[in-house]
1. Can you list the lysines whose alpha carbon is less than 17 Å from that of LYS646, not counting same-chain residues fewer than 8 positions off?
2. Quick one: compute a quarter of the convex hull surface over the Cα atoms of the range 258-356 and quote it in nm².
3. Sort all Cα-Cα distances of the range 464-619 into consecutive 10 angstrom bins from zero, then give the percent of pairs in each bin up to the one containing the longest distance.
4. On average, how much area does the Cα convex hull of the range 647-741 cover when viewed from any direction, in nm²?
5. With an 8 Å Cα cut-off and a minimum separation of 6 or more residues, compute the relative contact order for the range 159-252 in percent.
6. Under a Cβ-only charge scheme (Lys and Arg +1, Asp and Glu -1), can you give me the dipole magnitude of the range 598-745 about the Cα centre, in debye to the nearest 20?
7. Please get the size of the charge dipole for the chain, origin at its Cα centre, with Cβ charges of +1 on Lys and Arg and -1 on Asp and Glu, quoted in debye to the nearest 20.
8. Counting only helical runs of four or more DSSP H residues, what would the 222 nm mean residue ellipticity of the chain come to if each run contributes -39,500 (n - 2.57) and the total is spread over all its residues?
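No lab work stands behind these numbers, since they all come straight from the coordinates. Quick caveat, the model's predicted, so the values are computed rather than measured. Heads up, the Cβs are rebuilt from the backbone with ideal geometry, glycines too, and the neighbour counts pull from every protein chain shown.
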Amino acid sequence: MLYKKNIFFIVKKKVIYYIIYLIILPVLYSCNTTKYVPNDQYLLKKVQVKSNLPDVNNEELKSYLRQTPNNTILGFWPLKLGFYNLSNDDSTKWVNRWLRRIGEPPVIYDSLKTIYGCDELQKVMFNKGYLNAKVTSSTTTNKKQIKVTYNIAPGEPYRLRNYFITIPDSTISTIINKRNSSLIKQGDLFDVDKINEEREQIARLLRNYGYFNFRKELLFFYADSTLSTNEIDAELSIQPQYLENDSALQIIFAKKKIDSTTIIALKDNDISNISNIDLDTTYINNIKVIYNPKNKAFRPKAIANKISIIPNIYYSDFAVERTYSHLNSLSAAKYVNISFTENSQNNLDAQIIITQNKPHTISAEIEGTYSGGDLGIGAAIGYKNNNIFQGSEILNINVNGGYEAIGSLSEYQSAWDIGGEASLTFPTLLMPMTKDFKRRSTGTTEIATSVNFQQRPEYQRNIAGAGIKYNWRWRRINFTFNLLDLSYIYLPYMTDAFKDKYMKPTSSIRFSYEDHFIMRWGFGINMSNRRNMTFNTSSFYTFRANVRTAGNLLYGISHLINQQKNEDGVYEIFNIQYSQFAKADIDFAYNWYITEKSRFVFHTGLGVGIPYGNASILPFEERYYSGGANSMRGWSARRLGPGNFKNNSGSIDFMKQSGDIKFDLNLEARFRLIWKLEAALFLDAGNIWTIHDYAEQPTGVFLWSEFYKQIACNYGVGLRLDFDFFVIRVDMGIKLYDPGYPIESERWRTDLTWKNDFALHFAVGYPF
């Protein structure tokens, strides 16, 4: 056992040394920023834009400049320049070549690029309505470094006095005038970007009314700036060359119907060899489907039901986009293309090509933790079939397991668990609904079942579950509705010592470790603006919330049939007590980009569970815990709280270190080092509490007058390998404030020890 501890102590020291080498050493060399700057030149240290205009983002204006300083982390640390400065001129040594490849040479100031920058900024200001703007530059030098400041004198802005839309077609004019609102209003700044948005909005509106050939390029914006004041009269109309061509106008102003829709649904290898395949054709709702009957990629009906481009309706951009969205949401779809051709009737024939993705995938995950001599490791392997019934139905089979070796304790030596889950997801909402609603919806239905076997020295627990869940999306919001979620918890074995300690009739947490049944339902939302994120927005957020209840239906039935309670005063089903509770969770994360490769991430989470009716305590699997790779990283999993509670018994007591309330607050700085390697500095705060004052969990109850004193804190550093599709993560958390110490002066951890104050976590994926 001592040998095992020594190994992990050595591993932990090496991890720290690598972190110091990869982070601290380049810091020192990044301070010598002018190492490779020639004597007669300057390092571009900083670029600043000054405009003093509330409606102009000075940081955004920097993106138009041709020369900017070296990349920095968190806005001040030129790490890549530091790596470059670690090298020397001897290119025969691989270490110098490697350092220069991962590093970045110094940006040498170029006065000509500054002149170009002034011109570009002046054009930008012109497009924003400041037609008389002047841009000048100034420089400040300090030794071999230079700072460039662009000063914008905007002048008086030009605003719209009158705005007209003149289209020589009464029907189109009526459609445009019935818009909810125009992007351009009287008194607005003469903003070229907004004008282009107006053109695109009008063109999109008309295409949704069937005007297939209408494009924003057909619209011409004429502005008269010859007025004596800083005002502009503007008119939006058709390009002059088309106004003089009647045949061209007839094409532009003609509405197009969909005469036919053809779907070609094949596998990739069939697309490349289509001329040698005997294809079959069928019609679903007047939609022609072409497929290979001997090597079927999709069921024709399953694909046809996802199509919004149907015969005998007018063309619509919205229908095209919705069809793209529905088909691309199919896990089995690899390639989707929609095209249109005009036929002899001057209408449209639509062709949709969809090919099948690889149906089979296998995944694997692993995570681990090490703290205080205890080692925990978990692994999972999964199989996925994206198209099991040729309708993009998804079969998921996952097997997972975990093991914990508790080396510092004598009573409990090890614990393990193994489980599996199988789910079948249908790409539609399996409920009574019309064909039109089914075509419009983007929902899925998931049916799942699971089993889990847990073995600890003190007890054995088996869990079986099943459920049905609906998922759908509306705009940016994903909704989840758990129609039915069943769990049966069975404990076939427990030691006499465990029974004496936790299973006494007077024990308040006994129910969590008796056989019990849970019948839940729940509703959740998940929303984010990440899909529409650009770097210029500098941020994105994610928000999740869900509520769930259990046992209410069963409790109502028990009352309705006048069921008798058992000797403990609770109702049973099949001689098993069922749980009754309500839970609510919210989770919010905000990513703020400092540069393209560095960002701050703020995260907070709150969860509350309340037992009532047929239960006096939450089931153990529904209770919260704190600590671990995705929570308070200064503690191992299930080692923090509740409240001031601290386990000093010399044994692992997960039963007592769980609660009904959980609060997490996290701040993390992430920045790219080299290649795929990312570093992080983090600060975590949080804890768990109980709703009731349970005798087995003294000082764990939530009190408004005390809870803020019980919020634990830790800090730490991490390294991550970000391969885009998955992340390998190592985090070392260090305790800062531990509420478990009875003496308040000891809670602030200044005298750190490896055993009590450090935790090393290995995981896959970001913590939040």
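1. Within reach: LYS656, LYS662, LYS709, LYS735, LYS755.
2. Average projection, Cα convex hull of the range 258-356: 6.2 nm².
3. Here the calculated profile for the range 464-619 is 9, 28, 26, 18, 12, 6, 1.
4. The number I arrive at for the range 647-741 is 8.0 nm².
5. Computed value for the range 159-252: 35 percent relative contact order.
6. Its charge dipole is roughly 440 debye.
7. Computed charge dipole of the chain: roughly 1160 debye.
8. Numbers: 18 runs with 149 residues, N = 768.
Counting only the DSSP helices, I get -5500 deg cm²/dmol.
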